[in-house]
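For reference, the structure discussed in these notes is given below.
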Amino acid sequence: MTNARIALVTGANQGLGFALVEGLAARMDRRDLVLLTGRDAHRVAGAVARVNASAATVSRVEGRVLDVSDAGAVRELAAELGARHGGVDIVVSNASVTLTPERPQSEQADAFIDVANGGTHAVLRSFGPMVRPGGRLIVVASSLGTLGHLDTRLHPLFDGSPLDEVERVIESWRAAVHAGAERELGWPRWINVPSKVAQVAAVRAVAAERRDADLARDTLVAAVCPGLVDTALSRPWFTDFSQAQTPAQAAVAILHLLLRDKVDPAHYGELVRFGEVLPWQAGRPPRHQERLLNS
């Protein structure tokens, strides 16, 4: 096992993922390795070249082609890093797919769920066992990921459920979306909301199984909300970006969580925004969901 730290960020060709790679490469040591991953080989190569051209870059930065919706590919990369480096120290599950209000949500559901939720599950399952003592395993979610943003009928499906059950709920919801039955079952029309709640529920499920062992090893498993970030993902849904952050600005709080010396036990297994925990039961089904879809 090498003493060098290994960091990996999914969905890192652009936006927040790219900013996190830049930040890690500038703050980690020369002997450390930061892996920038994405689905498109050309875009991965271009993003790596941009990071390595920066005067701020200190660590080694390499690219890996990775489609997180392919659980087998995620397992293979985790196994490769385990064999080559003895594990990983920082993993950020950030990959997502752009949703647009112009197309029906049902037409976009499969690609979005496969990456945002299937990818989250694959990363948690495959990289969770690879995280070394003192490591960080983070899923980028949203403030919409708290349980209160769903109809109360749906709360028992996610509250305290193990990861296998979260996955089954996701598939049941997907089927309801395709059948046009989601509204009568209490699911919101905007698929981003159940997806984010499920991401946080998946983190909570994994964290519940490993909390004591992880805290004894100063290891963190958590979800993060970066706040409103001006990216291609958010542009289709919002018109006022006067208070939005750039990706580099949004990366700062997440980098602090990833690189701080000691884990705050209060953050473990929770959704963290700017260093503060967002309570799991917080939120309420927001009226603006319908406005966003109908605008």
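The values are calculated or read from the model by the stated rules, or taken from the named source; none is laboratory data. On a predicted model such as this, the values are computed, not experimentally measured, just so you know. Virtual Cβ from ideal backbone geometry, glycine too; neighbours counted across all protein chains shown.
At a glance:
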quantity	calculated
Residues satisfying the stated conditions in the range 216-237, i.e. touching a residue at least 12 places away in the same chain (Cβ under 8 Å) and out of contact with any strand residue (DSSP E or B) (no Cβ under 8 Å at 6 or more places or on another chain)	231, 232, 233, 236, 237
Pairs with Cβ under 9 Å, 6+ apart, first in the range 80-106 and surrounded by fewer than 16 Cβ atoms within 10 Å (Cβ to Cβ), second of a type in the set (S, T, N, Q) and part of a helix (DSSP H, G or I)	98/108; 100/108; 101/294
Which listed residue, of 125, 103, is farther than 29 Å from residue 265 by Cα and either at pLDDT 95 or above or of a type in the set (D, E, K, R) (or both)	103
Subset tally (residues that are surrounded by 14 or more Cβ atoms within 10 Å (Cβ to Cβ), among the acidic types (Asp, Glu) and either in contact with a His (Cβ under 7 Å, 6 or more places away or on another chain) or farther than 16 Å from residue 90 by Cβ (or both)) for the range 28-79	2
Test set (1) under 20 Å from residue 33 (Cα atoms); (2) of a type outside the set (Ser, Thr, Tyr); (3) in a helix (DSSP H, G or I) - residue 121 fails condition number	(1)
Hey, residue 36 more than 14 Å from residue 14 (Cα to Cα), at pLDDT 95 or above and under 21 Å from the mean Cα position of the chain (by Cα) or not	no
Close pairs from the range 182-198: first at negative phi and buried (at least 20 other Cβ atoms within 10 Å of the Cβ), partner of a type in the set (S, T, N, Q) and assigned to a loop (DSSP other than H, G, I, E, B), Cβ under 6 Å, at least 6 apart	196/142
Output for the range 138-157, where each listed residue is more than 16 Å from residue 189 (Cα to Cα), in contact with a helix residue (DSSP H, G or I) (Cβ under 6 Å, 6 or more places away or on another chain) and surrounded by 23 or more Cβ atoms within 10 Å (Cβ to Cβ)	139, 141, 142
Positions within the range 124-149 being within 28 Å of residue 176 (Cα to Cα) and not in a loop (DSSP other than H, G, I, E, B), in sequence order	124, 125, 139, 140, 143, 144, 145, 147, 148, 149
Residue among 233, 220 that alone is of a type in the set (A, V, I, L, M), within 15 Å of the chain's Cα centre (by Cα) and under 28 Å from residue 104 (Cα atoms)	233
Considering residues of the range 238-258 that are closer than 17 Å to residue 271 by Cα and touching a residue at least 24 places away in the same chain (Cβ under 8 Å) only, the residue surrounded by the fewest Cβ atoms within 10 Å (Cβ to Cβ)	252
Filter result (of a type outside the set (A, V, I, L, M, F, W, C) and either closer than 20 Å to residue 170 by Cβ or surrounded by fewer than 17 Cβ atoms within 10 Å (Cβ to Cβ) (or both)) within the range 199-229	199, 204, 209, 211, 212, 217, 218, 227
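Let's see how each residue does on (1) of a type outside the set (Ser, Thr, Tyr); (2) farther than 24 Å from residue 274 by Cβ:
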| site | (1), (2) |
| --- | --- |
| 143 | no, no |
| 176 | yes, yes |
| 189 | yes, yes |
| 211 | yes, no |
| 216 | yes, yes |
